[in-house]
Amino acid sequence: MYLQIQQRIREKYLEVVQTLFGIEAAAPAFDFPPRLEMGDLSIAACFDLARKLRQPPRKIADQVRERLLPIEGVEGISVAGAGYLNFHLDRATLAGAIFNLRMSSAREVPRRPGKVLVEHTSINPNKAAHIGHLRNAVLGDSFVRSLRFRGHNVEVQNYIDNTGVQVADVVVGFLYLEKKSLEDVERLIKDAGTRFDYYCWDLYARVSRFYEENENELALRAETLKAIEEGHGDAARMAKLVSPAIVRLHLETMRRINVQYDLLVEESEILRLDFWKAAFERMKQIGAVRYESAGKNAGCWVMDLGNSESEKADESAGEDVKIIVRSNGTVTYVGKDIAYHMWKFALLGKDFAYALFYRYPDGHDVWHTSIEGHAGAPEFGRATAAYAVIDTRQAYLQNIVAAAFRSLGFHEAAENLHHFAYEVVGLSPACAREMGYELSPEDLDRSYVEVSGRKGLGLKADDLIDMLGQKALEEVRAREMTKDPAEQSAYARMIAVGALRYFLLKFSCRVMITFDFKEALAFEGETGPYLQYSVVRARNIFRKYVEANPEFRIEELADRIEHAQLENFFAGDDGTAFWELVVLAAQLEMVADQAIASTEPAVISKYAFRLAQAFNNFYHRFHILSEPDPSRQSFLLYLVRIVERTLAQTLDLLGIEVPERM
């Protein structure tokens, strides 16, 4: 309703400007007046018209205002300042519409055309997930939830780099450092007393130290990488054993924080099914790549990017990022990524087969790419827009993929290929010390310690979730939320996940997070538990009211209050306080659209906190359960229901569940 009113205002404004002045104006942007008494929405478009018409903006605003009404949902229009048009909404009508919308169990949202493909998490399948991976997954998941909330058809993909350098290093560790056979590793995977992803975490760090101390042994990495890519020998068989085992553990880790996927795209299948070969041949035909016969890149195929940035280095591989195929014939990450993104938009003329990989407890299936698939597999890919949730350090590589698309003539796809960039997560020195890491004097002077898988430095995701869960369980027991052990565990999990997800989402993507236990484990202030408690508080009002009035049904609230009564309450002494709550609750859809357009889930997090604060202020100011006037009490319950439903839906966009009690 709120967005519909805005659209009606836009359309009527453009119509009036065309009629009055005979010109086409740009659609006006909305802002909010400084005080609700001045109006609910404001546009400054008359200032733009003033430059074209050479008239004072106030004079233009006066002329436009006279012709704008009627607009459904708008009660009045005023001119403020030097020419602002302020719109006063029909409070009773909007409140009724929001109540009905939030009460609807089958929320009808117009379906958007096309498919949005969101790729997120994409952890190298060589070790346990760490806190940085959690930020990626939570950002991607909340973005997906917002898209679906606004009617988009969304497919969630997780790219599995199972032929990359990191996997090769772990294979080197098993084969050459530990001298383990395939059977040894298989037993290790099946050993219930061993966390295989944790084991590989330590092994990966050991291999990195091994290379540092024995630089001449780096040839092992290159040989192993080539064998894995070509799919032969013990190295390839070891990689096929290690990677799926790690991926299953990653899925379990992410399931703990309410993150799910639809498809795992395995890099090995991009190579085995000749996806890269098809993309490479096309790039060679049109001259998008060239063969270097001399210089530092002799023997490589490179992209000619035509700018100085082409000399930047790929930190992960230690090579010029414009290289697409190395001199030994192996394909770089960016080369395989080009083929993958071409498949996303159905630009290769090829497709995978798909096999079932994993099933969540709720029955949702995760598929993976395969050569031989299941006949009943869903259709994947064929996106009209694609987002890759990858940290800012990979921005240049993402730009290369877009440049390749343009070189290949895929201009529309290039415009719809989006890098959802975010800053990484570091550890505070205090956090790193608490975890037992040895820090140099330089580290202690820094504001954060960088997470490094190669050095084994980082906070493992499952360890963090366990710590938060234990803290939450202590709170549940201390506050005597329930005496049932099963309920205690369930509530603790919800509260822990709520605390973690909100901590990771409340910061802008453009800001680096310095993780600190004290802040993340807080249960007061701007935290997930505070938001959860606000919903529980609202629900407790109804629970207590029903205990005193067993015949009461929430669905009857709308019938209890007539339109005229709503008008009276919003116009009375407390009308502005009541209206502030409703107009804030009405903004959820608008906020979700802002989060999508800006790829910034923090917009939703901040909105949720503002709404929770407004409700708690309302709760303390108006004594709902002891209100003596039945009509006024029904109205207050009406407002509580609007906020409770809105806040619960907002938390769902953040992936946060609400316990029954807190």
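Read-outs: derived from the displayed coordinates by stated rules, not from any lab. Source: prediction; values computed, not measured. Cβ coordinates were reconstructed from backbone atoms using ideal geometry, including for glycine residues, and neighbour counts include every protein chain displayed.
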**Report entry** the chain: antiparallel DSSP beta bridges as a percent of all, rounded to 5
**Finding:** 55 percent
Report summary line: HN-Hα couplings for the range 280-295 via Karplus (6.51, -1.76, 1.60; θ = phi - 60°), in whole Hz with x for Gly/Pro, come out as 5, 4, 5, 5, 5, 4, 9, x, 6, 10, 9, 8, 8, 9, 8, x
Query raised in the report: Rounded, prolate or oblate: which fits the range 2-89 when a ≥ b ≥ c are the square roots of the eigenvalues of the alpha-carbon gyration tensor, with rounded for a/c under 1.5 and prolate only if a/b beats b/c?
Result: oblate
Report task. Mind listing the long-range amide H neighbours of GLU266? Cut-off is under 5 Å, sequence gap 5 or more, other chains count too, H placed in the peptide plane at 1.01 Å from N. Result -> ILE160, THR369
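Could you tell me the relative contact order of the chain? Use alpha-carbon pairs under 8 Å, at least six residues apart, and round to a whole percent.
In percent, rounded to a whole number, it is 14.
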Requested in this report: Only helical DSSP H runs with n ≥ 4 go in: add -39500 (n - 2.57) per run for the chain, normalise by residue count and round the 222 nm mean residue ellipticity to 500 deg cm²/dmol.
Outcome: -16500 deg cm²/dmol
Query raised in the report: Looking at the range 170-244, which GluC sites (Glu not before Pro) are in a loop (DSSP not H, G, I, E or B) and have at most 15 other Cβ atoms within 10 Å?
Result: GLU178
Query raised in the report: What does the convex hull of the alpha-carbon atoms of the range 116-427 project to on average, in nm²?
Result: 17.1 nm²
**Report entry** Fewest-first sequence of SER626, SER122 by Cβ atoms within 10 Å of each Cβ
**Finding:** SER626, SER122
Report task. Count neighbours as other Cβ atoms within 10 Å of each site's Cβ, and list the trypsin sites (Lys or Arg not before Pro) in the range 74-164 that are DSSP loop with at most 14 such neighbours. Result -> ARG107, ARG111
Query raised in the report: Given ALA490, ILE656, PHE615, which one lies farthest toward the positive end of the charge dipole of the chain, if we put +1 on the Cβ of every Lys and Arg and -1 on the Cβ of every Asp and Glu?
Result: PHE615
**Report entry** Fraction in percent of alpha-carbon pairs per bin - 5 Å, the range 483-564
**Finding:** 3, 12, 15, 16, 14, 11, 10, 9, 6, 4, 1
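Where the only charges are on Cβ atoms (+1 Lys, Arg; -1 Asp, Glu), what is the dipole of the range 124-183 about its Cα centre, to the nearest 20 debye? Each step should come with its number before you reach the end.
Numbers: 7 positive and 6 negative charges, 60 e Å.
That gives a dipole near 280 debye.
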Query - Long-range amide H partners of GLU75 with built H, under 5 Å - result: HIS88, LEU89, ASP90
Report summary line: Note to self: C-alpha centroids of the range 596-659 and the range 140-181 sit apart, in Å, by 37 Å
Query raised in the report: LYS59: which aspartates and glutamates have alpha carbons under 16 Å from its alpha carbon, excluding same-chain residues fewer than 8 sequence positions away?
Result: ASP48
Query - Residues SER146, SER440, sorted so that the one with the fewest Cβ neighbours within 10 Å comes first - result: SER440, SER146
Query - Charge-dipole axis of the chain as Lys and Arg at +1 and Asp and Glu at -1 on Cβ define it, positive-most pick from ILE98, PHE210, VAL389 - result: ILE98
Query raised in the report: Taking the Cα atoms of the range 425-518, what is the range of coordinates along each of the three principal axes, in descending order and whole Å?
Result: 49, 29, 22
Requested in this report: Might you report the magnitude of the Cβ-based charge dipole of the range 166-255 about its Cα centre, with Lys and Arg at +1 and Asp and Glu at -1, to the nearest 20 debye?
Outcome: 380 debye
Requested in this report: Would you work out if the range 460-662 is rounded, prolate or oblate? Take a ≥ b ≥ c from the square roots of the eigenvalues of the alpha-carbon gyration tensor; rounded if a/c is under 1.5, else prolate when a/b is larger than b/c, oblate otherwise.
Outcome: oblate
Query raised in the report: Using Cα atoms only, what is the angle between the long axis of helix 131-149 and the major principal axis of the chain, expressed in degrees (0 to 90) to the nearest 10?
Result: 50 degrees
Report summary line: Quick calc, the range 13-140, dipole around Cα centre from Cβ unit charges on Lys, Arg (+) and Asp, Glu (-), nearest 20 debye, gives 480 debye
Query - Bins of 10 Å from zero: percent of alpha-carbon pairs in the chain - result: 3, 13, 21, 22, 18, 13, 7, 3, 0
Report summary line: So the FRET efficiency between LEU218 and ILE23, C-beta based with R0 = 60 Å and rounded to 0.05, is 0.35
Query raised in the report: When the Karplus curve 6.51 cos²θ - 1.76 cosθ + 1.60 is applied with θ = phi - 60°, which whole-Hz ³J(HN,Hα) does each residue of the range 198-215 get, with x for Gly and Pro?
Result: 5, 4, 5, 4, 5, 5, 4, 5, 5, 5, 4, 5, 4, 5, 4, 8, 9, 4
Requested in this report: Calculate one ³J(HN,Hα) per residue across the range 609-615 by plugging θ = phi - 60° into the Karplus curve 6.51 cos²θ - 1.76 cosθ + 1.60, and present them in order as whole Hz with x for glycine and proline.
Outcome: 5, 4, 5, 5, 4, 4, 5
Query raised in the report: Ranking SER243, SER104 by Cβ neighbours within 10 Å, fewest first, what do you get?
Result: SER104, SER243
Report summary line: Here the gain from full extension of SER489 to ARG393, 0.36 nm per residue of separation minus their alpha-carbon distance, amounts to 30.7 nm
Requested in this report: Could you pull out every residue, at least 5 positions away or on a different chain, whose amide H is within less than 5 Å of the one on GLU155? Hs are placed 1.01 Å off N in the peptide plane, and Pro or chain starts have none.
Outcome: VAL116, LEU117, VAL118
Report task. Identify the GluC sites (Glu not before Pro) of the range 80-172 meeting these criteria: DSSP loop state and at most 10 other C-beta atoms within 10 Å of the C-beta. Result -> GLU108
